[in-house]
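The numbers here are math on the coordinates, done by the rules we state, and not lab data. If you're wondering where the values come from, they're calculated on a predicted model, not measured in any experiment. So basically every Cβ, Gly included, is an ideal-geometry build from the backbone, and we count neighbours across all protein chains shown.
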Amino acid sequence: MMTELLLRYVHFLSVFAIVGSLVAEHLLLKPNLSRKEITRISKIDGIYGIAVLILLAAGLTLWFGGHGKPMEFYSKNPVFHTKLALFAGIGLLSIYPTVFFFKQRKGSPSDKIAIPKSLIWMVRLELLLLVIIPILAGMMAKGIGL
């Protein structure tokens, strides 16, 4: 029981880290950024990536590790599958911004780099999808979908 509690806590904290870092990225984005600003966003994006990996590890351990609810509770629930699909969609959307920030860090810190509008909209879409996941988690906790 203590392992389950710890895993759920880590899962929950990683959600906060994901939301915080993604909101920070969004707030720091503007049409033109200096390489120094891009480096800052790249570091925040790194925190985002680490938090995603921690969330994934804790979530998969809860699902497959036999802690708490039985595996069938998750495996047979379409609400859970929708939640996973949104999580995967957010992951796919995050690839382009991550690669862009990583590539653009090199060079003079004062250089100005034009940020593609599509990148800004991808971050916004990630945030939108992220807002839906807790609703699905709440539905799942109540047994909706079983």
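Could you please let me know if A88 is within 30 Å of R105 (Cβ to Cβ) and either surrounded by 17 or more Cβ atoms within 10 Å (Cβ to Cβ) or among the polar types (S, T, N, Q) (or both)? No, not satisfied. Just give me the residues in segment 1-42 being touching a helix residue (DSSP H, G or I) at 6+ places or on another chain (Cβ under 9 Å) and of a type in the set (D, E, K, R), in sequence order. Correct list: E4, R8, E25, K30, R35, E37, R40. The single condition from (1) loosely packed, with under 14 Cβ neighbours inside 10 Å; (2) free of Cβ contacts under 8 Å to residues at least 60 places away in the same chain that K30 fails is (2).
Exactly one of these conditions fails for S21: (1) in contact (Cβ under 8 Å) with a residue 60 or more places away in the chain; (2) under 19 Å from the mean Cα position of the chain (by Cα). Give me its number. For S21, the failing item is (1).
Conditions (1) in contact with an Asp or Glu (Cβ under 7 Å, 6 or more places away or on another chain); (2) of a type outside the set (K, R); (3) surrounded by 14 or more Cβ atoms within 10 Å (Cβ to Cβ); (4) touching a residue at least 40 places away in the same chain (Cβ under 8 Å), marked per residue:
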| site | (1), (2), (3), (4) |
| --- | --- |
| N77 | no, yes, yes, yes |
| T98 | yes, yes, yes, yes |
| W121 | no, yes, no, no |
| A141 | no, yes, no, no |
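Screening D45 on (1) touching a Leu at 6+ places or on another chain (Cβ under 8 Å); (2) over 20 Å from M140 (Cβ atoms); (3) buried (at least 18 other Cβ atoms within 10 Å of the Cβ) shows it passes everything except condition (1). Restricted to segment 1-83, the set of helices (runs of 4 or more DSSP H) holding at least 3 residues that are of a type in the set (A, V, I, L, M, F, W, C) comprises 2-28, 35-64.
The number of residues in segment 100-116 that are surrounded by fewer than 13 Cβ atoms within 10 Å (Cβ to Cβ) and either touching a helix residue (DSSP H, G or I) at 6+ places or on another chain (Cβ under 6 Å) or without any contact (Cβ under 8 Å) to a residue 12 or more places away in the chain (or both) comes to 3.
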